[in-house]
Structures are given as C-alpha cells and as structure tokens.
Amino acid sequence: MKNLDEKYMRMCFTLAKRGKNKVAPNPMVGCVVLDKNGNIVSKGYHKKYGQNHAERDALLKLKNKEANGGTIYVNLEPCSHYGKTPPCVDLVIEHKPARVVIGMKDVNPKVDGISKLKAAGIQVDFVLEKEAEFLNRRFIKTMTKKLPYVVLKTASTMDGKIAAKTGSSKWITSEKSRELVYKMRREFDCILTSSNTVIADNPSMSQTKWRCVLDKDLRTDKNSKIYSQSNTYIASRQNTPLKNGELDLEAVLRELYKLGIYSVFVECGGTLAGALLKDGLVDEIYQFIAPKILNDNNGISCFNGDNINEISEAKNLKIYEVKYLNPDILIKAALSSF
Ligand code: AOF
Ligand code: ZN
C-alpha cells in the first residue's frame, strides 16, 4: 500500500509541476483518482492562477461516480473555503471515496479540509509529506510569511570570489552559465539588485515583470538600462526605513510583496548578498562555481559579513541539485530545513 501510495503521490507531483510559473502565488497541485478496484479513472491539476483546483479538474471529468469506494490522491489538503471556486472538499465528499491520500496539510489558515473528510467517514492518510512541502516551498513561504520567496544567485571562483580586489570580474563563469541565468530569471516575478551592481555593470534585467534597485542615496544614473524598463521599483531612504544606517531589507521585501511580487531573484555583489543572508531573508542560493582559483585574500567574496567566531555559527544549507555545466557547476541549495 505504501509503495502504491508513493507511486500515485509522485504522479500528483508530476501533474502539479505542469502548473509551474502559471499558478503563483497559489500552490502547484495535482490529483489522481482511483476506482474501488485500484484503476486510475481520472487525473487533474491546477493549470492557471484562479482556475479550477486540481481535485475539481480531476473529479469533473468523471461521468459515472467512478471514485465511489476508491482513492483520491492529492498533494495538498483539499480546500474547504469559498475562494475563486467552491470548496473542493465538498466535491470530494460527494464522490464518496473510501480514502483520500494527501501530501501536505494546507498552510492557508482558511483551509480545514481534513476534519471535513474525517467527519464524512473518509479515511485520510499522508504520504511523502517532506517532498510535498518542498514542491510548494514558495507557496508555504508567501502564505505564512507574507514575504516573497528569495533566491540569491552568485557566481564565484572555487575560492568563493566574485571579483578581484580591483573589481575585475568579467568573466568568471562561462557564457553557457550566463545564458542559463537569463533563463532562470523568467521563473521569478522580480530581480533585485544593488546600486553598486547597476553602476558597475549597467544590466538591463529585462526578463522579469519587475525589477528592484536598492539605492539608498539615489546614486544610480537615471539613464541606466534598468530604468528603461517599466516596473522598476527603487528603494531609497525616501521610501524605506533604515536599519543600522542601511535600508531595512525586510521592509523592502514587504513592499515588493504588496506590489504582488511573490518571488525575487537576487543578483548582486557580496555586500547585499551578505546582508540578506545575515538578516535571514534568503530562502535559496543558486551558486555557479567556475574552475578558477583567484588565490588572493583581498579578492571580493560572495558574502560579506563579520564577527563569526565559531564554525557552528555558519549557515547550514541543504543542497538539492548539482548540475555539471562544463566547465562550471551549479549548486542549488535551500536554507530552510526541507
Ligand atoms: C489552488 N489550486 O489545486 C488547490 C488550492 O484563490 P483560490 O480561491 O483559488 O484558493 C486558493 C487556495 O486554495 C490556496 O491558497 C490553497 O490554500 C487552496 N488549494 N489552490 O490554487 C489547487 N488545491
Ligand atoms: Zn480547492
């Protein structure tokens, strides 16, 4: 039973991923329906923000109540609230399955589908909870913290340097890696960068709907390429509170969330990267590492910080993907404990 449950839950994950980049800030959800003999009778998924939830998509395809006495797999607890669509849990109960297998409990405080299922006499089981949470890590963050999901990209030598002491940095990683970065940007609502990066590199960062420049003292040139795009938010001391003399980074992220920005890709130098990390505002790091060693203590580090005496104070990450891009590597690592 457990193996079969895992098999069908993984099928839900695969279906759910078809909604990637189309459903945010809502979760990616897939659903698989078995009849009482264990045959798949329907599948569905959440296709686009505001459209039918996965359970509704799957169950509406059934003509003859084939789920009666069967099993419904869904990677997120069925909803019980009236949102853009009526509660999925009512539709699930109408179909009279014997069992509902869920990946993770919904973190949306409006939702309590599990109690309703149990009250209707339906057996509820959980399977692959950690994987289900990892799949919807962006949804969990935005729903529980009301902050965008933050991924910080950095590209360094093998000794963790993003530039020589003179600022010389072109190029550390290969063209192939840099092209991959352009593609990655499309998976985010906003690119966040610093005035230093705008001044040093004059990037256009045109692949996302939004851009945000942290420019406390409004030092950047208004003719910089990044300002030729619409939707560029400049955080400065005029619109953002200060914390220890610097822009309060959490306040900036809250402001971005209010603008409807649910995911942020940070591309910046060591100062901002180190500050975001120190404030606990980073969810993931994408680190490109080139097969180069600078071999100079004064080279510029990926993450600037200070006052760390013990290795036990280091940030712990979980690497979930390593890609050999030849000649570089890409490490994707999460800071939360998935
Ligand atoms: C989805 N897709 O497949 C499931 C969701 O904004 P609404 O009315 O569509 O409701 C969104 C909430 O519904 C969402 O935050 C989550 O708690 C729950 N389940 N949402 O978009 C789905 N199953
Ligand atoms: Zn629903």
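Derivation of every value follows stated rules applied to the coordinates shown; laboratory data play no part. Because the structure is a prediction, the values reported are computed rather than measured. Cβ coordinates were reconstructed from backbone atoms using ideal geometry, including for glycine residues, and neighbour counts include every protein chain displayed.
The Kirkwood hydrodynamic radius of the range 146-334, based on inverse pair distances between different Cα atoms, is 17.1 Å. Work from the charge dipole of the range 2-142 (Cβ charges, +1 for Lys and Arg, -1 for Asp and Glu, about the Cα centre) and give the residue of ILE93, GLN51, VAL74 farthest towards its positive end. Of the options given, the answer is GLN51. Projected label points at GLU246 and TYR324, each 7 Å from Cα along the beta carbon direction, are separated by 3.7 nanometres. For GLN207, what is the net charge nearby, where nearby means another residue's Cβ is under 12 Å from its Cβ and Lys, Arg count +1, Asp, Glu -1? Surrounding charge for GLN207 is +1. Result for the chain in a Gaussian network model with C-alpha springs under 10 Å: among ASN307, ASN223, ASN297, the largest mean-square fluctuation is at ASN307.
For the charge dipole of the chain, defined by +1 on Lys and Arg C-beta atoms and -1 on Asp and Glu C-beta atoms about the Cα centroid, which residue among THR208, SER169, ALA120 has the Cα displaced farthest towards the positive pole? Farthest along the dipole direction, towards plus: ALA120.
Using R0 = 25 Å, the C-beta based FRET efficiency linking ASN304 and LYS170 works out to 0.80. Geometric descriptor of the range 11-55, per residue, is 54 Å³ (volume of the convex hull of the Cα atoms).
The spacing between the range 32-106 and the range 304-326, judged by their C-alpha centroids, is 40 Å.
Note: the range 88-235, Cα convex hull, 175 Å³ per residue. Which shape class, rounded, prolate or oblate, goes with the range 2-142 when its Cα gyration tensor gives a ≥ b ≥ c as root eigenvalues, a/c under 1.5 marks rounded, and past that a/b bigger than b/c marks prolate? Judged from the Cα gyration tensor, the range 2-142 comes out rounded (a/c under 1.5). Given a 10 angstrom Cα cut-off, can you work out which residue in ALA54, ALA314, ALA132 is the most mobile in a GNM of the chain? In this elastic network of the chain, the residue with the biggest mean-square fluctuation among ALA54, ALA314, ALA132 is ALA314. Charge dipole of the chain (Cα centre as origin; +1 on each Lys and Arg Cβ, -1 on each Asp and Glu Cβ, all else neutral): 1100 debye, rounded to the nearest 20.
Of the residues TYR286, ASN309, TYR262, the one whose Cα sits farthest toward the positive end of the charge dipole of the range 257-338, with +1 on the Cβ of Lys and Arg and -1 on the Cβ of Asp and Glu, is TYR262. With contributions of -39500 (n - 2.57) from each DSSP H run of at least four residues, the per-residue ellipticity at 222 nm computed over the chain stands at -7500 deg cm²/dmol. The dipole here belongs to the range 146-334: it is taken about the Cα centre, uses +1 on the Cβ of Lys and Arg and -1 on the Cβ of Asp and Glu, and is about 520 debye.
Note on the chain: Kirkwood hydrodynamic radius from all Cα pairs is 22.0 Å, rounded to one decimal.
Here the average projected area of the convex hull drawn through the C-alpha atoms of the range 238-318 stands at 7.5 nm². Over all other residues within a Cβ to Cβ distance under 12 Å of GLY167, the charged ones net out to +2, with Lys and Arg as +1 and Asp and Glu as -1.
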